[in-house]
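Since every read-out is calculated from the coordinates, none of them should be taken as a lab result. Since the model is a prediction, treat every value here as computed from it, not as a measurement. Note: ideal-geometry Cβ built from the backbone for every residue, glycine included; neighbour counts use all protein chains shown.
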Amino acid sequence: MNARPHSFVARRPVLAGLLGALGASAAVWALLEGRPLMRRYAPTPYDDLLGQLGERESAIRLGAAVLAGGRGFQARRAAEQLRAGHSGFSLARAAAADVVQGRLETVDGWLLPRTVELLAGIAAQTAQSTPEGT
C-alpha cells in the first residue's frame, strides 16, 4: 500500500478552468470587435466632451476640414460654447437639437449640426497639439 498522497491535479477542474478562460477571452474579443487593443489618447482639458465620441479618429478627420475652413477655430472657445449650451452634455441630444433649431454648418460640402462641427474641431486641434497615445 502506498502511503504517499496523490500529487496530481484532477483533469476536470483544470479543463473547466481552461474552457472558462477561453470563453471569457472570446467574450472580451467580441466586445472589442476584434480589436485586441483600444487606442488611447493623451489627456486633454476637453476629455469630458471628447468622451462622447464613439470613434475619435473619424472626428479628427472631419475636424481637419473644420480647421481648414480658415475661420480661426479655437478649441477653448468651442468647448466653452458646448459646455454652456448643454448641461450634462450629450452629443446625440445636442446634435438633434441643432438640427431642429436649424443650427447647421457646411464643412467641406457636408451639412453638419453645429455641435458636431465644434466637437470635431476640438478633436482635430487636440490631436495636432498633443503627443499621440498608445
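Points to keep in mind about this one:
- Residues that are touching a Leu at 6+ places or on another chain (Cβ under 6 Å) and small (Gly, Ala, Ser), drawn from the stretch 81-120: Ala120
- Single unsatisfied condition, Glu80 versus (1) surrounded by 13 or more Cβ atoms within 10 Å (Cβ to Cβ); (2) assigned to a helix (DSSP H, G or I): (1)
- Test: residue in the stretch 61-73 that is free of Cβ contacts under 8 Å to residues at least 24 places away in the same chain, surrounded by fewer than 19 Cβ atoms within 10 Å (Cβ to Cβ), out of contact with any Phe, Trp or Tyr (no Cβ under 9 Å at 6 or more places or on another chain) and among the aliphatic types (A, V, I, L, M): no
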